[in-house]
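Each remark here refers to the structure printed beneath this line.
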Amino acid sequence: VEQTKGVECRKDKDVIDEIPGAYKPIDQVMANQSDLVEVVATLKQVVCVKG
């Protein structure tokens, strides 16, 4: 899977829902909710363990 190129992970059908394209861009989501939320911090994911 091209989206996980350079990422150490399984690349089979059981975890394909974890590729970056499965999610909406967080900046867009937060901008759309700007009247409901106040951003006080931004976190960066460094690891994801599934299973």
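If the condition is being at pLDDT below 75 and either among the charged types (D, E, K, R) or within 17 Å of Lys44 (Cβ to Cβ) (or both), then the stretch 2-25 contributes Asp17, Glu18, Pro20. Scan the stretch 15-25 residue by residue and report those that are surrounded by 10 or more Cβ atoms within 10 Å (Cβ to Cβ), out of contact with any helix residue (DSSP H, G or I) (no Cβ under 6 Å at 6 or more places or on another chain) and part of a loop (DSSP other than H, G, I, E, B). Once the filter is applied, which keeps residues that are surrounded by 10 or more Cβ atoms within 10 Å (Cβ to Cβ), out of contact with any helix residue (DSSP H, G or I) (no Cβ under 6 Å at 6 or more places or on another chain) and part of a loop (DSSP other than H, G, I, E, B), the stretch 15-25 yields Val15, Tyr23. Against the list (1) modelled with pLDDT under 80; (2) outside any loop (DSSP other than H, G, I, E, B), the condition Gln28 fails is (1).
The values are calculated or read from the model by the stated rules, or taken from the named source; none is laboratory data. Quick caveat: nothing in here was measured; it's all calculated off a predicted structure. Ideal geometry is used to build each Cβ from the backbone, glycine not excepted, and the neighbour counts take in all protein chains shown.
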